[in-house]
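Here is the structure we will look at, set down as structure tokens.
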Amino acid sequence: MRDPLKIIVAKDAGFCFGVRDAIEKAREVAREHGKVYMLGDIVHNERVVKDLAKENVKVVDSLDEVSDAPVLFRAHGTIPEIWAEAGQKDLTIVDATCPLVHEIHDEIKKLHEEGRKLIIIGDHGHDEVVAIQAQVPQAVVIATISEADALPRMKKAGVVSQSTQMIENVQEIIGILSMKIFDLRFVNTVCFPTRRNQGQIKEIAPNADVMIIVGSFTSANTKRLHEVSLSLNPHSYMVENASDIKESWFETAQSVGISAGASSPDDLIEEVVEHLNNLHVKLNV
């Protein structure tokens, strides 16, 4: 009989304050008005979106579908054209944008006012990045070191990053840009919850036999956490829920570390912990 499986859950795994506040705001408005419309998924987690739908938080693809209730603009941020359209339609807007994303919008506008070429370190096509890019004219998005290498030399540029970028990726790209740009101003907009969660994984992953990262495959920050974990522990796996976990990962494991993306609810993490405890008992029968 093996010893009980040691399970280490990262202290701050799961919802960040921006996501938690956005979800609570959606629930409050739905209770007050009978329903609330949500332009796109409030966060990148299918469980959260499905649960909110039961509370009359209705996802729509266009403002043309909004009537007789407020519309909620989600945590990732919304492009100015949509704000303007909602104003023209005289819709009641609930702004659930993460305050830290609003700060990125403010910072890139300041860099634009300084007359700098604008660069965003982030994932192409990601909702947050699209909204940041839309705040100013002609901002360039780069996601990788090779894309940074391909940029031409320039005299004066300003750089911000998507809030959930992997810190090491940002550092490496800034190192390349600093060799290409004479007057470079970088505003570190990787948010504190992201830095904290990546830091906690760096403490847990090297000391665990297996690492589990819980979150949706559509979630950028969950993917980043998995990348950090995988760089430190080859037995790192990303799962959307407990049913994705495979017995073969734990045949010889004595310890497992768990973290979760900022859009992963507490009940998903709890289900994974319960599943692992049951699995360990099964493997020891």
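A 1.4 Å probe over all protein chains sorts HIS275, HIS226 by accessible area into HIS275, HIS226, starting with the largest. Pairs exceeding a 20 Å alpha-carbon distance, out of LYS117/LYS155; LYS180/LYS202; LYS6/LYS202; LYS89/LYS110: LYS180/LYS202; LYS89/LYS110. Could you report the accessible area of ASP90 in Å², rounded to 10, computed with a 1.4 Å probe on the protein chains as they sit in the structure? Looks like 130 Å² after rounding. With N as its number of residues, the stretch 91-206 has a Cα radius of gyration that, divided by 2.2 N^0.38 Å, comes to 1.10. Among residues other than ALA96 with Cβ under 10 Å from its Cβ, the summed charge is -1 (Lys and Arg +1, Asp and Glu -1). Using only alpha carbons, the stretch 41-124 has a radius of gyration to Kirkwood radius ratio (Rg to Rh) of 1.03.
Using only Cα coordinates, the Kirkwood hydrodynamic radius of the stretch 139-275 works out to 16.4 Å.
Over the chain, the fraction of Cα-Cα pairs per 10 Å bin, rounded to whole percents and listed from the shortest bin up, is 6, 26, 28, 23, 12, 3, 0. At the residue level, CYS98 shows approximately 20 square angstrom of accessible surface with a 1.4 angstrom probe and all protein chains present.
Here the ratio of the Cα radius of gyration of the stretch 205-285 to 2.2 N^0.38 Å is 1.03.
The values are calculated or read from the model by the stated rules, or taken from the named source; none is laboratory data. Everything numeric here is computed off the predicted structure, so don't read it as measured data. We place every Cβ from the backbone using ideal geometry, glycine too, and count neighbours over all the protein chains shown. SASA here: full protein model, heavy atoms, side chains in, ligands and nucleic acids out. Shrake-Rupley method; radii C 1.70, N 1.55, O 1.52, S 1.80 Å.
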